[in-house]
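One structure below.
The values are calculated or read from the model by the stated rules, or taken from the named source; none is laboratory data. Everything quoted here is computed from the prediction, not taken from an experiment. Cβ sites come from the backbone with ideal geometry, for glycine too, and all protein chains shown count toward neighbours. All accessible areas refer to the heavy atoms of the entire protein, side chains included, with ligands and DNA or RNA removed. Shrake-Rupley method; radii C 1.70, N 1.55, O 1.52, S 1.80 Å.
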Amino acid sequence: MQAPLAKRIWDAIAAPFDGWLMAFLAGIFVMSMLVLFSASNQSWHKIDNKLVYTIMALAVMWIMANARPQTVMNFAPPLYAAGVLMLVGVELFGITVNGSTRWLSLGIVRIQPSEIMKTALPMMVAWYFQKYESTLNWRHYLVAVALIAVPGALVLKQPDLGTAVLIMGAGFFVLFFAGLSWKIIIGGLVAFLASLPVVWNLLHDYQRRRVLTLIDPMQDPLGDGYHIIQSMIAIGSGGPWGKGWLNGSQTHLDYIPERTTDFIFAVYSEEFGLAGNLLLLALYLGVITRGMLITARAQTLYGRLLAGAITLSFFVYVFVNMGMVAGILPVVGVPLPFMSYGGTATVSLAVALGMLMSIGNTKR
């Protein structure tokens with residue numbers, strides 16, 4: 001007997017999605033709506049916008065999850081080339097805001113090409129290794145490093161150190177899953193540590209202040225150290241069980257800056273406490289664990305490299321955001337995945353997770 005039309009439509013919609021990933025993301029979404037409502041002083045406008053962003057994210061996630069990885073792979077070179085050209089365009093005639101030139105005007109819309117490179121770079125490096133899978137040698141790794149270095153250098157020039165590190169990190173994860181020797185990894189780490197004095201002199205003044213503020217935020221409690229101090233107070237005051245939803249004093253007395261975006265974790269910690277943090281961490285760990293399982297089961301080299309890079313990049317986003325809010329990492333503009341308010345980051349993450357689901361779909 002033929003299934004009812006409604007069931008067939010639902011099955012067609014749900015088929016590309018990974019059930020476990022969607023369950024974990026649904027839990028994160030529920031928490032994000034609760035904490036956003038509180039952080040925005042019960043603004044329904046923010047909630048409505050968040051719902052619109054989420055619907056857009058689900059749409060692009062479904063499209064990417066429904067596409068064959070082999071088909072998406074063919075778009076890697078032109079997408080990477082377009083991203084690099086746009087980064088060059090930013091350097092030549094980009095829009096400057098607060099001292100940073102990161103945006104490119106395309107007439108009716110303004111875009112940030114570095115966001116495109118977060119996905120395009122690992123796709124390109126994975127495509128390159130897939131192309132030369134049977135003849136891989138050290139020369140291919142050097143070319144891959146060059147593919148990573150070009151957009152990384154262009155983003156550093158904007159300047160945008162945080163995004164550059166995330167982009168190059170995504171490329172490095174592809175190298176790691178491609179079998180980069182531990183000797184080279186450790187040697188590179190030692191060389192980086194040895195070059196820190198040189199790197200320090202190359203940093204911009206505001207970047208140095210962020211590092212010094214991390215070491216001692218009390219040296220400028222009303223300036224550079226304000227964000228870290230207030231977020232740490234909020235996290236500590238939450239205690240084991242939190243102050244309760246809508247009852248965060250640091251939040252509702254307007255002490256926490258950027259509380260709907262980069263510092264939303266401080267709001268969440270104050271109101272839901274350690275217990276809520278453990279639950280949120282469990283959901284993020286679920287996403288990461290499922291991503292690693294998809295990586296291990298990928299049927300092609302391209303799938304394994306890209307899935308691994310997406311999963312570890314997701315981990316880095318979570319770690320960096322929570323680390324900066326907790327005062328163990330410098331403050332950088334990295335939103336908490338699917339928790340922070342904002343459309344661009346949500347949609348770009350949805351694209352990446354959609355590709356992850358596509359790789360994990362073994363029925364095609």
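Annotations for the structure displayed:
- Residue 254 being open to solvent by less than 70 Å² (accessible area, probe 1.4 Å), assigned by TED's automatic domain parsing to the domain that holds residue 31 and acidic (Asp, Glu): no
- Hey, residue 193 part of a helix (DSSP H, G or I), out of contact with any Lys or Arg (no Cβ under 8 Å at 6 or more places or on another chain), surrounded by 13 or more Cβ atoms within 10 Å (Cβ to Cβ) and not polar (S, T, N, Q) or not: no
- Within region 226-312, helices (runs of 4 or more DSSP H) holding 2 or more residues that are of a type in the set (Val, Ile, Thr): 226-238, 264-297
- Any chance residue 175 is aliphatic (A, V, I, L, M), outside the structural domain of residue 344 (by TED's automatic domain parsing), within 25 Å of residue 312 (Cβ to Cβ) and in a loop (DSSP other than H, G, I, E, B): no
- For region 197-220, the set of residues classified as open to solvent by 50 Å² or more (accessible area, probe 1.4 Å) and either of a type in the set (Phe, Trp, Tyr) or outside any helix (DSSP H, G or I) (or both) consists of 200, 204, 206, 216, 220, listed by residue number.
- Yes/no for residue 178 being out of contact with any strand residue (DSSP E or B) (no Cβ under 8 Å at 6 or more places or on another chain), more than 30 Å from residue 270 (Cβ to Cβ) and surrounded by 11 or more Cβ atoms within 10 Å (Cβ to Cβ): yes
Residue-wise test of (1) among the polar types (S, T, N, Q); (2) in contact with a His (Cβ under 7 Å, 6 or more places away or on another chain); (3) open to solvent by less than 10 Å² (accessible area, probe 1.4 Å).
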| position | (1), (2), (3) |
| --- | --- |
| 265 | no, no, no |
| 277 | yes, no, no |
| 283 | no, no, no |
| 292 | no, no, no |
| 309 | no, no, yes |
| 312 | no, no, no |
| 317 | no, no, no |
| 320 | no, no, no |
| 326 | no, no, no |
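- Failed item, numbered, when residue 225 is tested on (1) within 24 Å of the chain's Cα centre (by Cα); (2) surrounded by 18 or more Cβ atoms within 10 Å (Cβ to Cβ): (1)
- For residue 57, the stated conditions hold: it is touching a residue at least 60 places away in the same chain (Cβ under 8 Å), closer than 24 Å to residue 166 by Cα, open to solvent by less than 40 Å² (accessible area, probe 1.4 Å) and outside the structural domain of residue 154 (by TED's automatic domain parsing).
- Neighbours by Cβ (under 9 Å, 6+ apart or cross-chain): first from region 207-220, closer than 12 Å to residue 324 by Cβ; second among the β-branched types (Val, Ile, Thr) and open to solvent by 100 Å² or more (accessible area, probe 1.4 Å): 214/328
- Qualifying residue in region 106-114 (condition: under 21 Å from the mean Cα position of the chain (by Cα) and under 26 Å from residue 176 (Cβ atoms)): yes
- Residue within region 87-102 that is under 21 Å from the mean Cα position of the chain (by Cα), closer than 30 Å to residue 304 by Cα and either among the hydroxyl-bearing types (Ser, Thr, Tyr) or buried (at least 20 other Cβ atoms within 10 Å of the Cβ) (or both) present: yes
- Scanning region 129-167 for residues that are part of a helix (DSSP H, G or I), open to solvent by 10 Å² or more (accessible area, probe 1.4 Å), within 24 Å of residue 70 (Cα to Cα) and touching a helix residue (DSSP H, G or I) at 6+ places or on another chain (Cβ under 6 Å) turns up 130, 133, 147, 148.
- Residue within region 31-51 that is surrounded by fewer than 12 Cβ atoms within 10 Å (Cβ to Cβ) and of a type in the set (Phe, Trp, Tyr) present: yes
- Qualifying position, being in contact with a Phe, Trp or Tyr (Cβ under 6 Å, 6 or more places away or on another chain), outside the structural domain of residue 180 (by TED's automatic domain parsing) and at pLDDT 95 or above, among 278, 283, 293: 283
- Filtered by the rule that a residue be of a type outside the set (D, E, K, R) and out of contact with any helix residue (DSSP H, G or I) (no Cβ under 6 Å at 6 or more places or on another chain), region 285-315 gives 285, 289, 293, 296, 299, 300, 314.
- From the list 9, 95, the lone residue that is touching a Phe, Trp or Tyr at 6+ places or on another chain (Cβ under 8 Å) and without any contact (Cβ under 8 Å) to a residue 60 or more places away in the chain is 95.
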